[in-house]
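See below for the structure under consideration.
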Amino acid sequence: MRTGVFGGSFDPVHNAHLAVAKLAIKAAALDKLLFMPVYAQPFKLGAGLSAPEHRMNMLRLATDGDARFEVADTEIARGGVSYTIDSLRAIRDGGEDRGDIFFLLGADMLLMLEKWYKADALLREFSFIAARRPGSGDEDVSRCAARLRELYGARVIPVENAPMDISASEIRRRVRAGESIEGLLPASVGDYIYENGLYKP
């Protein structure tokens with residue numbers, strides 16, 4: 001059993017999130033991938049997020065119909081600021097056999113991983129999938145992966161991200177401006193945003 005965990009604000013979840021999740025499943029031969037929305041982000045304190053139930057509902061809509069995907073409320077149920085190691089341990093020790101756990105993150109975050117909370121334990125206990133931007137050189141990622149493997153025994157699987165220029169902030173801007181968001185996210189998520197008045201000025 002191999003389980004991926006994809007953390008983020010997902011405000012809203014969009015097609016680039018789903019594309020990189022599918023690439024991670026293939027690259028690491030994952031059986032499941034859990035989307036784990038944050039309650040609050042330690043690196044972005046003060047940034048306003050949509051209500052947790054809206055972000056959870058949008059994720060459920062986006063992942064409906066794909067048995068490989070699950071939505072985990074690990075951090076939202078806990079409330080407050082969560083740290084990755086605490087969340088991954090909660091998933092690992094939660095009573096359901098998750099097997100090997102792989103945390104999906106951007107290559108830029110991989111390069112900063114040793115500065116994270118309890119990084120030593122995080123790197124020794126879990127594996128990682130590092131998503132690179134399309135066309136970017138992988139020398140830094142390869143060097144970093146080799147270093148983490150040597151120092152901590154960490155397993156890092158690189159994957160090239162999907163070539164999609166989509167961001168949640170751009171989707172929110174478009175909604176505020178009354179512009180189309182068609183094609184940027186699942187239609188069901190777009191309908192939910194409009195039906196619930198999300199991201200309006």
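Between 164, 109, the distinction of being of a type in the set (A, V, I, L, M) and outside any helix (DSSP H, G or I) belongs to 164 only. Tell me, please, whether a residue that is under 13 Å from the mean Cα position of the chain (by Cα), at pLDDT below 95 and in a loop (DSSP other than H, G, I, E, B) can be found in the stretch 40-59. Taking every residue of the stretch 40-59 in turn, at least one turns out to be under 13 Å from the mean Cα position of the chain (by Cα), at pLDDT below 95 and in a loop (DSSP other than H, G, I, E, B). Within the stretch 17-36, is even one residue over 21 Å from residue 129 (Cα atoms) and crowded, with 16+ Cβ neighbours inside 10 Å? No - not one qualifying residue is present in the stretch 17-36. The set of residues in the stretch 72-104 that are in contact with a Phe, Trp or Tyr (Cβ under 7 Å, 6 or more places away or on another chain), within 20 Å of residue 120 (Cβ to Cβ) and surrounded by fewer than 19 Cβ atoms within 10 Å (Cβ to Cβ) contains only 83. Within the stretch 75-89, the set of residues being touching a residue at least 40 places away in the same chain (Cβ under 8 Å), in a helix (DSSP H, G or I) and not charged (D, E, K, R) comprises 84, 85, 87, 88. Scanning the stretch 2-39 for residues that are modelled with pLDDT of 95 or more and in a loop (DSSP other than H, G, I, E, B) yields 10, 11, 12, 13, 14, 29, 30, 31. In the stretch 138-161, of all residues being part of a helix (DSSP H, G or I) and touching a helix residue (DSSP H, G or I) at 6+ places or on another chain (Cβ under 7 Å), the one that is farthest from residue 108 (Cα to Cα) corresponds to 152.
Across the stretch 167-201, what is the number of residues that are among the hydrophobic types (A, V, I, L, M, F, W, C), assigned to a helix (DSSP H, G or I) and either surrounded by fewer than 18 Cβ atoms within 10 Å (Cβ to Cβ) or touching a His at 6+ places or on another chain (Cβ under 7 Å) (or both)?
Looking only at that region, the number is 4.
The values are calculated or read from the model by the stated rules, or taken from the named source; none is laboratory data. Everything numeric here is computed off the predicted structure, so don't read it as measured data. Here Cβ is always computed from backbone atoms with ideal geometry, including for glycine, and neighbour counts include all displayed protein chains.
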